[in-house]
1. Strictly over 25 Å apart at the Cα level, which of A:265/B:65; B:121/B:335; A:162/B:109; A:169/A:265 would you flag in this model?
2. Please compute the net charge surrounding residue B:111, taking Lys and Arg as +1 and Asp and Glu as -1 over other residues with Cβ under 14 Å from its Cβ.
3. With unit charges on the beta carbons (Lys and Arg positive, Asp and Glu negative) and the dipole taken about the Cα centre of chain A, which residue among A:77, A:158, A:41 sits farthest to the positive side?
4. Add +1 for every Lys or Arg and -1 for every Asp or Glu among the other residues with Cβ under 15 Å from the Cβ of residue B:228, and state the total.
5. Considering the dipole of chain A built from charges on the beta carbon (Lys and Arg +1, Asp and Glu -1) around the Cα centre, which of A:277, A:102, A:239 is farthest to its positive end?
6. Two decimals is fine: what is log10 I(q)/I(0) at q = 0.26 Å⁻¹ for region B:169-215, from a Debye sum with one equal scatterer on every Cα and no solvent?
7. Which Cα, out of A:309, A:64, A:216, lies furthest along the positive dipole direction of chain A (beta carbon charges, K/R +1, D/E -1)?
8. Considering all projection directions equally, how large on average is the shadow of the alpha-carbon convex hull of chain B, in square nanometres?
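Values quoted throughout were computed directly from the atomic coordinates according to the rules given, and no laboratory measurement underlies them. Small disclaimer: the values here were computed from a predicted structure and weren't measured. Cβ atoms come from the backbone with ideal geometry, glycine included; neighbour counts cover every protein chain shown.
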Amino acid sequence: MSTNAGPAPKDAERRRNKTSAQRVFVRTVSNRLGDATMAISSGLATALVLAILAVILFDIARSGSSHLSIAFLTQAPREGMTAGGIFPAIVGMVEMVFLMTLAGVPVGVATAIYLHEYAPAQSRLTRLIRIAVANLAGVPSIVFGLFGLGFFVQFLGAGIDKMFFGGQKVYGQPALLWAALTMAVLTLPVVIVATEEALRAVPRELREASLALGATKLQTVIHVVVPQASAGILTGMILAVSRGAGEVAPILFTGAAYFLPHLPKGLSSQFMTPSYHVYVLATQSPDVDATKPILYTTVLVLVALTFVLNIAAVVVRARVRRQNSFGH
Amino acid sequence: MDRETALAMPGERRKHTTSRFATTRPPRLELAPAPRWHRLIEWALRLLAASAVLAIALILIFIAKEAAPLLYSGAIRHEVTLAKMWFSQLWPGYDEAASIWQPVSEIPKFGLWPLIVGTVKVTIVSMAVAVPLGVGSALYVSQYARPRTREIVKPLIELLAGIPSVVLGFFALIVMASWFQNVLGLESRLNAIVSGVALSFAVIPVIFTLSEEAFRAVPRSYVEASTALGAARWQTVLRVLLPAASPGIAAGVALGLGRAIGETMIVLMASGNAAIVSGNFADSVRTISATIAAELSEVVFGEAHYTVLFFLGTLLFLATFFINTVGDWTIRRMKAKLGGAS
């Protein structure tokens, strides 16, 4: 270490003479520092995201629960929506979601079955469908609203009116039916993706056994594959319902109403729904402070509903995944 | 299909059964052909599957159709043309040419730039928050968290994705706006910062889910090789894991970007909806999506304003379609690449 040579060679020698233990030590210190920084910063990011979720939920639960009661769920709004409940909105949502499921889920399930069981993996049609599904999932919800207005209301609805009602406006205006169909198109990718995942989880051996017993392809699909995948299909349905219950932009112009004195009378009438109700109460209310308790409670109901649905979906999906890992 | 025909014992194989060692001919395996209507159902399935393609096509056609009069209708072109929308105009009463969005004033002005600037500003804020948080938490959950922690944290972040956007908008409008105004001392309650941060809550789960998947898809052998070469964990993360997962992360960022640009309810409720061109993030902004949502219910069917709003919708559709296609393509390529490597 101590030589009387010039400064440059001295430095080089010192570096060379450093014992390997010393070198390891230096590296470990900086590595510890690096590792700690990495772990702590990424851990902080996670904690922050979870904190955001917690703060939102806490605020809604705290301010919303004081007003929550059976009466709130079973009464109509009163006194310019500053009192009463959200019963018509809940009825409207259930009807809309029911119609949406009826229209959307069969198409989504059929698409997934075709994609996974029948379609040749590399054919042009298959690739086209996959690209379409991926892009459909990314179309902004407000664009679905425009589509619903342009296609369902102005084109189909007006066409039906011209043919069956002599030009009288029945279906050529925002209606429950059109909102539900718009939402069905919007939730189509949700159903397709979940169903396909469920189909993928059905072990190959089951299909082969069925075919070896002499069943045709269609019999195999109907009696073996789909029953095995039913839990996953249910997941897709639940997720679609949860999405449909929460979206507002697609139904802004296709059927949702500020306030209706009566429940929806048929497919062609407008409807109220909790998600739109939240928007109306939060932005269009003349007296924000008077509506605030109702607003918070509506939000709580909406969030609780979507959470219950989402948790149900997570549980069902976890079961499917476990099943899958046993199968292989 | 292939399996069925193989089982049905093709004709050529019968030669074997008549070889000189065979004493009795084995029973012929023959499956009854599937009934006709099975083919019919297969075709029905194929048709239904094509409905996704049909939906995308119809969306584009019917939005573009309502916007098309901008190009040919004389009555509408009298009020607004593409050039008037894209380029600054010298409006009466103004000193210099400007791009202004005032669709319901006496002289309707349909300048697009205030809306585009607003959309870009909100998107920048939301991505600046969502990318570090989304990728960071994905890194933590996939690399540092214990399996049990991961099983709790992952569904929780996915739960964040389940919060309806109108609820996030409500939260931004009622709660966050006041906090931000007090803490940052902002002039206007609703602005690009509040709406961008609220918007990021919707974007974080998108980026998180895809990034986490990308981190976990990196083959174990990469990490093992790097460790065997003496790299510390943070070096492995920065120089091996991150580059290997980058296409997936990029895809997540792209899909998140598509979501940020198109998201409506949050910005409609929390951005203040003032169509001004400014570089200040504390100013109120009006985005393209919020403009459509706020104004479409008040326009007369077929008039210039209605047409312009559908034109905005077409822009939004094309922008997100492009971003999503790029993102989707990246995911596919990553899967193919990693599938080959492991």
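1. Over 25 Å Cα-Cα: A:265/B:65; B:121/B:335; A:162/B:109.
2. Every neighbour counted, the sum reads +1.
3. Most positive-ward Cα: A:41.
4. +2
5. The one lying farthest along the dipole's positive direction is A:239.
6. -0.85
7. The one lying farthest along the dipole's positive direction is A:216.
8. Across all orientations, chain B yields a mean hull projection of 30.6 nm².
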